[in-house]
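What follows is a set of notes on a single structure, which appears directly below.
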Amino acid sequence: MTYSELFARRSDWLRLSGKTVAVVGTGKIGCVFAKIMLGFGCRVIDFDAYPSAEFEALGLSHAKLGEIGEDADIISLHCPLTRSKLCLHQISPLQWSSQ
C-alpha cells in the first residue's frame with residue numbers, strides 16, 4: 001500500500017480517489033501535479049494549447065476548454081498570468097463548461 005492510498009483511506013475529509021482533475025497548463029509543475037493526482041487514484045484530463053512531451057508520455061486524456069467544466073470535479077491552473085491567459089483566471093468554475 002502506498003502512502004497516498006493510506007492517507008486517502010485515513011482522511012475522511014479528503015476523498016480524491018475517483019475524482020476527475022483537470023490540469024490547465026502541462027509544463028513541469030503541471031506534470032508533477034498530474035502524477036501526484038494519479039497517485040491518489042484520480043482521473044486526470046488536461047488542457048493546453050501546446051502539451052509537453054512529458055505530459056503526453058503519461059497517456060492522459062486531452063480536453064477542450066469547454067469540456068473541462070463538464071467533466072472535472074477539480075480544476076487546477078498551472079499557467080502564468082499573462083494578458084493572453086488572463087481570461088482563464090477570471091472565469092468562475094460554473095462558466096468553464098460554457099467556454
> Within the set of pairs 6+ apart or on separate chains, which have a first residue in the range 45-56 that is over 15 Å from P80 (Cβ atoms), a second that is surrounded by fewer than 16 Cβ atoms within 10 Å (Cβ to Cβ) and of a type in the set (S, T, Y), and C-beta atoms under 6 Å apart?
Replying inline: I45/S61
> Mind checking which residues of the range 20-44 are touching an Asp or Glu at 6+ places or on another chain (Cβ under 8 Å) and in a strand (DSSP E or B)?
Replying inline: T20, V21, A22, V23, V24
> What tally of residues in the range 69-85 results from selecting those that are in a helix (DSSP H, G or I) and either modelled with pLDDT of 80 or more or over 10 Å from A22 (Cα atoms) (or both)?
Replying inline: 5
> Across the range 47-60, which residue is modelled with the lowest pLDDT among those that are surrounded by 13 or more Cβ atoms within 10 Å (Cβ to Cβ) and not in a helix (DSSP H, G or I)?
Replying inline: P51
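The values are calculated or read from the model by the stated rules, or taken from the named source; none is laboratory data. Please read all numbers here as calculations on a predicted model, not as lab measurements. Don't worry about glycine lacking a Cβ; one is built from the backbone with ideal geometry, like all the others, and counts go over all protein chains shown.
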